[in-house]
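A short worksheet on the structure shown next.
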Amino acid sequence: MPARGNTRATIADIQRLLGQRPFVPFLIVTRSGLRYRVASGEHAGLNPRGSRVHVWFDDDTGVTIAEANIVALEKEVPATA
């Protein structure tokens, strides 16, 4: 779900993807061009005010991203055999 024009992906968009069943991994693309993979619904969480998302990685590190820095969400395309 890339951003169109001047609009950005929102925390509400992320919340919808986190609640989707079955879960489909997705990438959060930031204004700087960095991409953060959300591997499962348990790999991300929203702050109570709904202005930031925290993404946890399998190596026990993580990143907090402000909504203003999110420019797109990309659903992961399953690999074909």
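The values are calculated or read from the model by the stated rules, or taken from the named source; none is laboratory data. In this text the structure is predicted, and so the values were computed from the model without any measurement. For neighbour counting, all protein chains shown are included, and Cβ atoms are generated from backbone atoms with ideal geometry for every residue, glycine included. The area values use the complete protein model at the heavy-atom level, side chains included, leaving out ligands, DNA and RNA. Shrake-Rupley method; radii C 1.70, N 1.55, O 1.52, S 1.80 Å.
Which shape class, rounded, prolate or oblate, goes with the chain when its Cα gyration tensor gives a ≥ b ≥ c as root eigenvalues, a/c under 1.5 marks rounded, and past that a/b bigger than b/c marks prolate?
Rounded shape, in that the Cα axes give a/c under 1.5.
With every protein chain present, what is the per residue accessible area of the chain (1.4 Å probe, Å²)?
With all protein chains present, the chain gives 66 Å² per residue.
Let me know the charge dipole size of the chain about its Cα centre in debye, to the nearest 20, where only the beta-carbon of Lys, Arg (+1) and Asp, Glu (-1) is charged.
About 400 debye.
Calculated from DSSP H runs of 4 or more alone, at -39500 (n - 2.57) each and per residue, what is the 222 nm mean residue ellipticity of the chain, nearest 500?
Calculated at 222 nm, the ellipticity per residue is -3000 deg cm²/dmol.
So how far apart, in nm, are the two label points at Asp60 and Gln20 if each is 7 Å from Cα heading toward Cβ?
3.1 nm
Got the relative contact order for the chain handy, in percent, Cα pairs under 8 Å and 6 or more residues apart?
38 percent
Can you list residues whose amide H is under 5 Å from Phe57's amide H, if they're 5+ apart or on another chain and H is modeled 1.01 Å from N?
Gly62
Share of the chain's accessible area from carbon and sulfur, percent, 1.4 Å?
Ligands and nucleic acids excluded, carbon and sulfur give 53 percent.
Which far-off residues, 5 or more places away or on another chain, put their amide H under 5 Å from the one on Phe26, with H placed in the peptide plane?
Counting only residues 5 or more places away or on other chains, the set is Val38, Glu76.
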